[in-house]
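Encoded as structure tokens, the structure appears first; notes follow it.
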């Protein structure tokens, strides 16, 4: 895991499974479950921190 993996989550901050593409623009990041390691349907700081705990390790 590196900064690119963390940024992949950060760019989806506050996106939800209920409204995965709030701006209706397919060119901007949308909610995807793989960026929600807590699995609660909302990308939050908890998800960013969960990814950050794997800093320097190979991606699963």
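Read the figures in this text as sums done on the coordinates, not as results from a lab. Values in this document were obtained by computation on a predicted structure and should not be read as measured data.
Listed values, structure above:
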read-out: Anisotropy class of the chain from Cα gyration tensor, a/c 1.5 cut; value: prolate
read-out: Helix-derived mean residue ellipticity, 222 nm - over the chain, DSSP H n ≥ 4, -39500 (n - 2.57), to 500; value: -7000 deg cm²/dmol
